[in-house]
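To start, the structure itself, in C-alpha cells.
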Amino acid sequence: MTKEEKTVAISNLSKKFAEFEHFYVTDSSALTVEQINKFRKFCFSKGVEYHVYKNTLIAKALETTNIDYTEFNKSVLKGASGLIFTSVGNMPGKLLKEFKTTTSIDKIVFKGASIDSSFFIGEKALDQVASLKSKNELIGDILGLLQSPAKNVISALMSGENKLAGIVKAIADKKESES
C-alpha cells in the first residue's frame with residue numbers, strides 16, 4: 001500500500017468515525033473465506049458495515065477524533081481487526097451473539113467497542129454491550145414510567161363502579177349545599 005493509498009484510507013476511516021457514534025472491533029482471522037463472506041452478508045442484512053483494516057490505519061484515524069483512544073488502542077488493536085460501524089450502540093453486540101448462535105460459527109472474536117465514548121474491551125464484555133438498551137428503548141421505558149402513575153389514577157377512579165368518583169361528587173355536592 002502506497003503512502004497516498006494509506007492517506008486516503010485514513011481519511012475515509014476518519015470520516016466513518018465522525019459519522020458513526022459507535023463502532024465495534026472484531027477478529028475474524030480464524031474464519032474461512034466462506035465464513036467471513038457469510039458474516040459480511042449477515043451484517044449487511046442487519047444494516048451495518050463490516051470491513052477489515054490495518055491496526056495502524058485505525059489508530060491514525062482515531063487520532064483525528066476528539067476522544068483519547070490510547071488505552072483502547074493498546075488493548076484492542078492487536079492482530080487482525082475488523083470494524084463494524086453503527087448508529088445503534090447495542091445492535092452489533094446482538095448481531096455478533098446471534099451470528100455465533102445461529103450459524104455455530106463462534107470463531108469470530110469480539111475485541112472491543114466504543115459506544116458513546118465508553119470503551120468495552122474483551123470477549124467477556126460482549127454480553128454487556130449486547131444487553132445495553134438503545135436510545136429508543138430507553139425513551140420508551142421512560143415514557144412507560146411517566147404514563148404509569150396517570151394510568152393508575154385513572155384505573156382507581158374507574159374501579160369499583162365509580163365509587164371513588166361518586167364519593168368525590170358527593171363531597172362536592174355537600175359543599176355546594178352548605179354554601
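Rule-based calculations on the coordinates, nothing more; no lab input. All values reported here derive from a predicted model rather than from experimental measurement. We place every Cβ from the backbone using ideal geometry, glycine too, and count neighbours over all the protein chains shown.
Points worth noting:
- Relative contact order (%) - region 25-92, alpha-carbon pairs under 8 angstrom, separation at least six: 50 percent
- Helix 3-19 vs. the chain, principal-axis angle (Cα, 0 to 90°, nearest 10): 10 degrees
- Over 20 Å between alpha carbons, listed pairs 3/111; 46/133; 3/54; 15/78: 3/111; 15/78
- Sum of -39500 (n - 2.57) over DSSP H runs of 4+, divided by residues of the chain (222 nm, nearest 500): -20000 deg cm²/dmol
- Relative contact order (%) - the chain, alpha-carbon pairs under 8 angstrom, separation at least six: 25 percent
- Given charges at beta-carbon only (K, R positive; D, E negative), |dipole| of the chain in Debye: 440 debye
- Identified option (computed Cα extents along the principal axes in Å; candidates (i) 94, 38, 25; (ii) 38, 34, 29; (iii) 103, 38, 25): (i)
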